[in-house]
Amino acid sequence: MRSVTILGATGSVGQSTIDLIARDPDAYRVEALTGGRNIAQLAADARRLKARLTVTAHEEAREELAARLAGTGIEVAAGEAAIREAAARPADWTMSAIVGFAGLAPGLEVLRRGGTLALANKETLVAAGSLVMETARRHGATLLPVDSEHSAIFQALRGEDPSSVERVIITASGGAFRDWPLERLPEASPEQAATHPNWAMGQRITIDSASMFNKALEMIEAKEFFGLAPAQIEVLIHRESLVHALVGHADGGILAHIGPPDMRHAIGYALSWPARAPLPVERLDLAAIGQLSFAAPDAARYPALALAHRVMEAGGAAGAVFNAAKEAALDSFLAGNIRFTDMAEIVARVLDRFLSTEGRQIAILDLDTLIEEDRRARAWAMEAVAEGSARTGG
Ligand code: NDP
């Protein structure tokens, strides 16, 4: 029986992970489940899966969680430190599915104990690529990609000599506004941005898909995970979201990974790796699908892609700065303080400011430095939001 911990258990990826684990109760023992504000879900899953420990990120929610689990014997804890402690507890397999920069520190705890970390939280590698890879190496930890594109690359690389890889091509659906006239983009609302043509995902990543900040994060994540040069990473619009990534080799051959747009494939692959286990996902009928389409992304519609290239070229703390500015800009968009198209402008301004003052290359940054860079970039983003409102009189 394998012990598992799910960080971000109440979210979209967390729930898909639970779906797989709950189908095979004799194979898994749940060490810890962590969540945020969705206490009812967290408590229900903890009861159902007989978790040993349950943690909410919010101190003020501890009482409600304890009340819902009264009499079960399940340990209850709350707060950021308690989530890190949950991650540090031994478990054979840990899912990292907290959203945003908050996922970094708990993920590092898993790597420090030499554990196996299934990484959905892309911000971990974007903000701290070299620190994460070096920590995994030093402690003999295993890092498995769960982002569908990275799982696809990982699968396509199996048995291949990494030195023969010429390029990787990450596909993108184009998001909610792929067919909107460009001039309408400034008026797009958060509700409109939070609908995805193919995938059912959390609100933030879905909006990031519409802006392609999600793809920008994935490019940086691919660079860090697979040790690629920026020029080796390409993005292709693929409206059907069935080919998740392609790997081009030195002999001109391209290996593509095709699968249904269901995160349980990538999660299940990481769960049973290095084996493959049967999964409850749709079997594609390619004859019925008939055609797959590919197109180059439009740089004017998706400015986030060019920003990702700047971040990859800069290295050092640029990823942490980029991610923090993006998270702050997204918060402002969700709060109705800026327009959809302002997000890329704000991130570009924060990046300009960072690169013009201290775009220094540091191979390995420690967590405290990264947390400091993250805080400052968020503050810069909020300054940019305020300057924008002052200019427009908003
Ligand atoms: P969701 O928003 O659906 O879920 C996020 C999870 O993190 C929830 O359990 C939430 O708790 C918890 N959480 C939120 N804030 C904090 C915090 N400050 N500290 C601790 N826990 C917190 O996100 P997704 O499942 O969509 O995405 C999770 C990660 O996986 C993201 O990094 C995303 O980019 C990545 N990913 C997601 C994919 C998808 O299909 N959804 C695909 C590939 C990657 P609560 O809800 O209880 O408040």
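The values are calculated or read from the model by the stated rules, or taken from the named source; none is laboratory data. In this text, all values refer to a predicted model and were calculated from it rather than measured experimentally. Positions of Cβ are generated from backbone atoms using ideal geometry, with glycine treated the same way; all protein chains shown enter the neighbour counts. Note: areas computed on protein heavy atoms with side chains; ligands, DNA, RNA excluded. Shrake-Rupley method; radii C 1.70, N 1.55, O 1.52, S 1.80 Å.
When nucleic acids and ligands are ignored and a 1.4 Å probe is applied, H58 ends up with an accessible area of around 50 Å². Once neighbouring chains are kept in place and the probe is 1.4 Å, which whole percent of the accessible area of the range 275-394 is contributed by carbon and sulfur? C and S fraction of accessible area: 55 percent. Beta bridges from DSSP with both residues in the chain: antiparallel share about 25 percent, rounded to the nearest 5. Annotation for E166 and M1: the two label points, set 7 Å from Cα along the Cα-Cβ direction, are 5.2 nm apart.
The D92 and E63 beta-carbon pair, evaluated with R₀ = 25 Å, returns a calculated FRET efficiency of approximately 0.20. A Gaussian network model of the chain, with springs between Cα atoms under 10 Å, assigns the largest mean-square fluctuation among D26, D92, D208 to D26. Label separation (R137 vs A81): 3.3 nm, computed from points 7 Å beyond Cα along the C-beta direction. Between T116 and T94, T142, the built amide H atoms are under 5 Å apart, and every one of these is 5 or more places off in sequence or on another chain.
How much length is gained if the chain between I258 and A70 is pulled fully straight, taking 0.36 nm per residue apart and subtracting their Cα-Cα distance, in nm to one decimal?
On the way: separation 188, 0.36 × 188 = 67.68 nm, distance 4.55 nm.
The span from I258 to A70 would gain 63.1 nm if fully extended.
Close amide H contacts of M201 (hydrogens built in the peptide plane, cut-off under 5 Å, sequence separation of 5 or more or a different chain): none are found.
The residue list V347, A250, P261 was ranked by how far each Cα lies along the charge dipole of the range 211-359 toward its positive end, using unit charges on Cβ atoms, and P261 comes out on top. Each label point was placed 7 Å from the Cα along the Cα-to-Cβ direction; for N198 and S130 their separation is 3.5 nm.
Counting only pairs 8 or more places apart or on different chains, how many lysine pairs in the chain have C-alpha atoms closer than 28 Å? Show your work: numbers first, answer last.
On the way: K122/K215; K122/K223; K122/K326; K215/K223; K215/K326; K223/K326.
Qualifying lysine pairs in the chain: 6.
Among the chymotrypsin sites (Phe, Trp or Tyr not before Pro) in the range 125-215, none is located in a DSSP loop while being surrounded by at most 10 other Cβ atoms within 10 Å of its own Cβ. What the chain shows is 41 Å² of accessible area per residue, with the surface traced by a 1.4 Å probe over protein heavy atoms. Expressed as a whole number of Å, what is the distance separating the alpha-carbon centroids of the range 295-357 and the range 10-56? Taking the Cα centre of the range 295-357 as reference, the centre of the range 10-56 is 34 Å away.
The string of couplings for the range 144-159 from the Karplus curve (6.51, -1.76, 1.60, θ = phi - 60°) is 10, x, 10, 3, 4, 5, 6, 4, 5, 5, 4, 5, 5, 8, 4, x Hz, one whole number per residue in order, with x for Gly and Pro.
Structure remark: mean-square fluctuation, Gaussian network model of the chain, C-alpha springs under 10 Å; the largest value among E221, E85, E282 belongs to E282. Put a plus charge on the Cβ of each Lys and Arg, a minus charge on the Cβ of each Asp and Glu, and nothing anywhere else: the dipole of the range 163-290 about its Cα centre is then about 220 debye.
Between S332, S173, S272, the Gaussian network model of the chain with springs among Cα atoms under 10 angstrom shows the greatest mean-square fluctuation at S272.
Computed over the chain, relative contact order equals 14 percent, with contacts defined as Cα pairs under 8 Å that lie 6+ residues apart. Pulled fully out, how much extra length does the chain show between E240 and A40, if you take 0.36 nm times their separation in residues and subtract their Cα-Cα distance? Contour length minus the Cα-Cα distance gives 68.5 nm.
Under a 5 Å amide H cut-off, with hydrogens placed 1.01 Å from N, E166 pairs with G248, H249, A250 among residues at least 5 apart or on other chains.
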